[in-house]
Amino acid sequence: MIFLKVHTLTPRGYCHGVVDALKIMRDIAHDPSIKRPIYVLGMVVHNRKVVDDFNALGLYTLDEPGQTRLKMLDKIEAGTVVFTAHGVADEVYEKAKIKGLSIIDTTCQDVRVSQTVIKDYLNDGYDVIFVGKKGHPESETALSYSTRVHVIENIKDLSTLKITSTKIALTNQTTLSFYELYHIIEAAKAHYKNLTIIEEICDATKTRQQAVKHMPDDTDFIVVVGSQRSNNAKQLRHVASQHGVDGVLVESVEDLPIKTLTTVQHVCVTSAASTPSALTKEVIDYLKTFDQNNPQPPVSHVLKTNLFKKKT
Ligand code: SF4
């Protein structure tokens, strides 16, 4: 039998913003006083398992990639709307109120702070360059504040900006990779003199990325447990590749690349801020007993249970 050396990175998994949001959602799922139907505007976290389990408990997710939250709200006529930890634009809030919907807001405190920063700089007469993924709820909210907000994803986008103001601030989506952001900031500083930088990557994102950065030197493969839709998960994978470590992003133990696992020695495991710890534990347990001479097909039991159902 030949076993892998498995190292689990910390911190990993749920951040405080996600823990708080999921607790609120779990509570309302079991609270008969909350007006039905209950809709979640966008994925509560970018994790299919979490979304499906809440759907099964009657918290229906409206998820239309490419569609704004303002537009998705048109689909809800009555009941309760839940705003996710990613936050929403003020106009979404107003529209929900006008429609007479009950509102449950799970916006993360760190996202609120970054929203306030943008508003403060706009009020001071600045143009704001927002580094974020186009279509991400945080970028959507930033854009809703003013035509003086300019969303860019990368250094290339900088050259498309047409900002004439001399007062320019740059801030960012909370879940970016700090490596990526560092390079964009350096390029932006070269582009605009007197650029004001307000770096807003949240601590949870930073510490998870730092743990990847400081993984043991002899690591030759990393497993990131998280969704393809999770920016957070993709950034962890990106940080590892910046350090020359190959790896994979898996949603559950069943996605593990068995063939590859028979060719590596030292595997690190981490997970995104949106990944249920039960899914990560299953991956770790599997890897710890993985015999390269006799690999067994992985089966997830967690995928078959509802994570948020009340225990009876
Ligand atoms: S990743 Fe950061 S900003 Fe997003 S919910 Fe978690 S703590 Fe909040």
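Here, each number is a calculation from the coordinates, and none is a lab measurement. Quantities reported herein were computed from a predicted structural model and do not represent experimental measurements. Don't worry about glycine lacking a Cβ; one is built from the backbone with ideal geometry, like all the others, and counts go over all protein chains shown.
Check cross-link reach from residue 259 to the lysines: straight Cα distance under 28 Å, and skip same-chain residues fewer than eight apart. Qualifying lysines at Cα under 28 Å: 5, 49, 213, 234, 281, 288, 304.
Among beta bridges identified by DSSP and lying wholly in the chain, the antiparallel ones come to about 5 percent.
Cβ crowding within 10 Å, taken as a proxy for footprinting-reagent exposure, orders 1, 25 from fewest neighbours to most as 1, 25.
Taking a sphere under 12 Å around the Cβ of residue 79 and counting the other residues whose Cβ falls inside, with K and R at +1 and D and E at -1, yields a net charge of +3. The overall shape of region 66-148 is prolate: from the C-alpha gyration tensor, with semi-axes ordered a ≥ b ≥ c, the ratio a/c is 1.5 or greater and a/b exceeds b/c. Think of region 110-201 as a dipole: +1 on every Lys or Arg Cβ, -1 on every Asp or Glu Cβ, centred on the Cα centre; then among 116, 192, 139, 192 lies furthest on the positive end. Per residue, the convex hull spanned by the Cα atoms of region 231-312 measures out at 101 cubic angstrom. Each peptide in 231-239, 104-112, 204-212, 91-99 receives the mean, over its residues, of other Cβ atoms within 10 Å, and ordering these scores from highest gives 231-239, 204-212, 104-112, 91-99. Classify region 16-108 as rounded, prolate or oblate, taking a ≥ b ≥ c as the square roots of the eigenvalues of its Cα gyration tensor: rounded when a/c is under 1.5, otherwise prolate if a/b is larger than b/c and oblate if not. Rounded is the answer for region 16-108, as its axis ratio a/c remains below 1.5. Considering only alpha-carbon pairs that sit under 8 angstrom and 6 or more positions apart, the relative contact order computed for region 51-105 is 34 percent. This model, with +1 at the C-beta of Lys and Arg and -1 at the C-beta of Asp and Glu, gives region 16-108 a dipole about its Cα centre of some 120 debye. When +1 charges are put on Lys and Arg Cβ atoms and -1 charges on Asp and Glu Cβ atoms, the dipole computed for region 110-201 relative to its Cα centre reaches about 320 debye. Counting neighbouring beta carbons within 10 Å and listing from fewest to most, the residues 53, 124 come out as 124, 53. The alpha carbon centroids of region 1-46 and region 105-183 are separated by 26 Å. Helix-only arithmetic for the chain: the sum of -39500 (n - 2.57) across DSSP H runs with n ≥ 4, divided by the residue total, places the mean residue ellipticity at 222 nm at -11000 deg cm²/dmol. Mind running the shape call on region 110-201? Use the C-alpha gyration tensor, a ≥ b ≥ c as the square roots of the eigenvalues: rounded below 1.5 for a/c, prolate if a/b tops b/c, oblate otherwise. Verdict is rounded for region 110-201. The smallest convex shape that holds all Cα atoms of the chain, its convex hull, gives 134 Å³ per residue.
Show the residues, 5+ positions off or on another chain, whose built amide H is closer than 5 Å to the amide H of residue 149. Those qualifying (amide H under 5 Å, at least 5 residues apart or on another chain) are 128.
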